[in-house]
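Below you'll find the structure, written out as structure tokens, and then a few comments.
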Amino acid sequence: MSGLRERQKTTRHRDILAAAEYLFRRDGFRATGIEAIAARANLATGTLYNYFPSKGDILLALVALDGEEVRAAGAKLIARPPRDPETAITRLLEIYIEHSLVHLTKDEWRHALANYFLQPDSRFGQGYAALDGKLAAQVCELVSALQSRGSLSPDIDSESAGRLLFYLCNSEFTLFVANEAMPMAELKQRMSRQIAIVMSGLERKAAPLAEAAAPPRLHRRPRKAA
């Protein structure tokens with residue numbers, strides 16, 4: 001019986017999120033009520049509250065679903081990253097942004113960000129920060145993987161570099177969701193410029209280290225003619 005109950009809970013959880021995703025996209029986050037989500041999921045409103053105490057918790061669950069799926073895609077890239085480090089970093093961050101509008105609209109992202117900034121210590125705020133932290137950690141993991149195979153200098157602080165790259169691009173994503181008219185292609189261009197600047201700095205940092213590690217050249221005096 002416990003297995004049946006767990007399957008029922010999983011099914012209801014999935015149905016609630018599917019209903020919310022549909023209604024948020026159709027009517028907007030603010031205009032959608034809990035009662036409408038429950039009706040769409042064929043549940044009593046009280047039953048829905050057993051799964052999600054508020055509409056904000058449903059939104060956080062959709063953000064979490066997005067995060068789970070992009071981290072799974074990111075893990076595949078890290079296992080076999082492109083040889084060029086800039087291409088590898090760019091591709092990973094593009095996976096994140098390309099998937100961002102699969103489950104959520106820009107309107108929903110704006111509400112998610114607003115909840116996070118206004119209530120950072122709330123359950124929603126802490127949950128959102130934790131999800132961001134997991135994505136940032138994955139970028140750090142990629143930097144470390146590139147170091148391990150010799151594509152990046154081992155002297156680079158992978159933790160700081162990875163977080164810098166993630167949060168620079170996260171700031172561009174915030175501008176993207178704030179501007180309803182901005183297309184994904186423009187976000188990618190802006191993000192690519194940010195990545196190129198950071199990677200150029202990392203490569204310049206590594207070059208002097210490589211030169212310093214090279215053995216000194218021996219300069220011989222030319223022999224005098226007999």
- Among the residues of the stretch 184-195, is any modelled with pLDDT of 95 or more, touching a Lys or Arg at 6+ places or on another chain (Cβ under 7 Å) and within 16 Å of residue 94 (Cβ to Cβ)? no
- Consider residue 93 carefully, then state whether it is more than 12 Å from the chain's Cα centre (by Cα), crowded, with 19+ Cβ neighbours inside 10 Å and within 20 Å of residue 170 (Cβ to Cβ). no
- Message: Just the residues that are among the β-branched types (Val, Ile, Thr) and either closer than 13 Å to residue 50 by Cα or in contact with a Ser or Thr (Cβ under 9 Å, 6 or more places away or on another chain) (or both), please, taken from the stretch 11-20.
- Response: 16
- How many residues does the stretch 123-150 contain that are without any contact (Cβ under 8 Å) to a residue 24 or more places away in the chain, closer than 16 Å to residue 54 by Cα and more than 18 Å from the chain's Cα centre (by Cα)? 0
- Item | Residue ID - nearest to the chain's Cα centre (by Cα), chosen from residues in the stretch 57-77 that are closer than 16 Å to residue 93 by Cα and hydrophobic (A, V, I, L, M, F, W, C) | 70
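The values are calculated or read from the model by the stated rules, or taken from the named source; none is laboratory data. Values in this document were obtained by computation on a predicted structure and should not be read as measured data. Because the Cβ atoms are built from the backbone with ideal geometry, glycine has one as well, and the counts that use them run over all protein chains shown.
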